[in-house]
Amino acid sequence: MSDELRAAVAAGVLGAEESFRTLLQSVVETARAIFGAKASSVFLLDEEADELVFEAVAGEGSGTLIGKRFPSSTGIAGWVLVTRQPLVIDDLGEDPRFSREAAESTGYVPRGLMAVPLLADERALGVLEVLDRPRDSRFTLAEMDLLGVFANQAAVALDLLLRARRAQAALGGEGDAGALARIASRLETADEAERAAGLRLLAALEDLL
Amino acid sequence: MAIVAHESQREELPAWSLSAEAAERIALPTEWPERVTREWAWGGATGNGVRVCVLDSGVERTHPVVGDVQHSWAVRRDGDEIRVEADAEGDLCGHGTACAGIIRSLAPDCELTSVRVLGAGFTGSGPILLAGLEWAVQQSFDVINMSLSTTKRQFAETLHELADSAYFRRTMLVASAHNMPVESFPWRFSSVISVGSHEEDDALTYYYNPTPPVEFFARGLEVDVAWLGGKTLRCTGNSFATPHIAGICALIMSKHRELTPFQLKNVLYLVASNVGGRRE
């Protein structure tokens, strides 16, 4: 329970998920802007279900894809996740298998995509994809490096979101840690007088223990 | 899953010293020229007789760019047991086909074996990768292409043992460097050849990197590669630079069968584009 409690404290209060989701949305919007792309998405790995889940989408597909799932190790995103190697594809051609996969995972058929794993320490958390960068310039390895650096930022955002979810699970849970986390959350939103009284009580409790 | 002791560790003793009368026994079969050139290294070579393994997502068997794939295997997990079985499914992603096509384009007559270690789910992919690599090392391939890596520290030690074991068994492991600021394996081990990308469009242009851990840079930008359904795609990534070096290794090995990985790395170095191997 202590890990969950730590997660709860780290995440602060209820509602943190909303903030981190906004951060993640900003990440995909920024990725789309940096590369002048048509769309950008972040997929989160759901380890229990062994599936990738759309967590944030900018541009094409942004209204419909959040929450959509597909198997974790098939297709481009799956390959990138499992191998932890970034991949850029131009000229997708007309391979029907690829088109179908792409259409299912993006809502439309892109001409090209960049995909990069989201890695936090030794964990692979998900995948960032950037679809249809402009085709008037030759791709450079500097862009590849930029994608990698940017993916690190996205990974931090995704990690925060995951911590917030663990925190919420702890807050919603029964038992001592859940109760403590709920109290911490209430203190954050209480008015000044209630808050001061609450903190005095907690200090007394701490002395007692 | 238990990883069995590697054969290199079971060789009979004495093996680690050289008696005076034994010096002749280890005389090297290769006459090395005063200057090693690309012509000496792989002139006229086709990859004939060299066994190359692509450890990846599988390889499409009838792809016109890849041609014949002599053997296809898949590593499968059944409960706690991991098995290597003959495979007829081909490629689940396209990536293995891309790597095989690049190797084939450089070494048209090499023998290609596909070992699929990807596609069976993210969970458990580490043990499957280890089992696939262990199996491939036991098969004594001349070259193993690994356009993939893991960030899991728990696998690093076993991967390291396998990489060293390959090196001692005369199997050259060619692995993609990670172009992201993370710690990953097996490319960082010195017993493998690690490969990053350069921006030029010549398949035989490759550079030695005097500031490791990445040892060589090969073509990895906007490469036209084989993909699913007999098609081609234009791809960028170290994943595609790696099979360029694997293909060049296959060429060198087909002309100089006796080379150890140490010697092969030396030849690669000596004829790198920034050393002695500007296009001759």
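The values are calculated or read from the model by the stated rules, or taken from the named source; none is laboratory data. Predicted model, so just to flag it, every value in this text is computed and none were measured. Backbone-built Cβ (ideal geometry, glycine too); neighbour counts: all protein chains shown.
When the residues of the range B:122-138 are filtered to those that are surrounded by fewer than 24 Cβ atoms within 10 Å (Cβ to Cβ) and touching a His at 6+ places or on another chain (Cβ under 9 Å), which remaining residue is farthest from the other protein chains (Cβ to nearest Cβ)?
B:Gln138
Quick one: what pairs do we get from the range B:50-69, first residue buried (at least 24 other Cβ atoms within 10 Å of the Cβ), second aromatic (Phe, Trp, Tyr), C-beta under 7 Å, 6+ apart or different chains?
B:Val52/B:Phe141; B:Cys53/B:Phe141; B:Ser57/A:Trp79
Which one is farthest from A:Glu17 (Cα to Cα) among residues in the range A:172-203 that are basic (Lys, Arg) and at pLDDT 75 or above?
Among those that are basic (Lys, Arg) and at pLDDT 75 or above, it is A:Arg200.
Quick one: count up the residues across the range B:189-207 that are surrounded by 18 or more Cβ atoms within 10 Å (Cβ to Cβ) and under 14 Å from the mean Cα position of the chain (by Cα).
Here the count works out to 7.
Looking only at the range A:125-150, which residues are more than 19 Å from the chain's Cα centre (by Cα), more than 10 Å from every other protein chain (Cβ to nearest Cβ) and charged (D, E, K, R)?
A:Asp132, A:Arg133, A:Arg135, A:Asp136 - these are the residues of the range A:125-150 that are more than 19 Å from the chain's Cα centre (by Cα), more than 10 Å from every other protein chain (Cβ to nearest Cβ) and charged (D, E, K, R).
Every residue in the range A:146-158 that is out of contact with any Asp or Glu (no Cβ under 9 Å at 6 or more places or on another chain) and touching a residue at least 24 places away in the same chain (Cβ under 8 Å), please.
Within the range A:146-158, A:Leu146, A:Leu147, A:Gly148, A:Phe150, A:Ala151, A:Asn152, A:Gln153, A:Ala154, A:Ala155, A:Val156, A:Ala157 meet the criteria.
For the range B:173-280, give me every one of the strands (runs of 3 or more DSSP E) that falls completely inside it and has 1 or more residues that are touching a residue at least 12 places away in the same chain (Cβ under 8 Å), within 30 Å of B:Gln154 (Cα to Cα) and within 14 Å of chain A (Cβ to nearest Cβ).
Strands (runs of 3 or more DSSP E) meeting the threshold: B:193-198, B:216-219, B:232-236.
Being more than 22 Å from A:Trp79 (Cα to Cα), touching a residue at least 12 places away in the same chain (Cβ under 8 Å) and in a loop (DSSP other than H, G, I, E, B) is the filter here; which residues of the range A:45-66 pass it?
A:Glu60, A:Ser62, A:Thr64 - these are the residues of the range A:45-66 that are more than 22 Å from A:Trp79 (Cα to Cα), touching a residue at least 12 places away in the same chain (Cβ under 8 Å) and in a loop (DSSP other than H, G, I, E, B).
Could you please tell me which pairs satisfy a Cβ distance under 6 Å, a separation of 6+ or placement on different chains, a first residue in the range A:116-145 that is touching a residue at least 40 places away in the same chain (Cβ under 8 Å) and within 14 Å of A:Arg32 (Cβ to Cβ), and a second residue that is β-branched (Val, Ile, Thr) and in a loop (DSSP other than H, G, I, E, B)?
none
Which condition number does B:Arg170 fail, the rest of (1) of a type in the set (D, E, K, R); (2) in contact with a Ser or Thr (Cβ under 7 Å, 6 or more places away or on another chain); (3) within 14 Å of chain A (Cβ to nearest Cβ) being met?
(3)
Return yes when B:Ile252 is of a type in the set (Val, Ile, Thr), under 24 Å from B:His95 (Cβ atoms) and at pLDDT 95 or above and no when it is not.
No.
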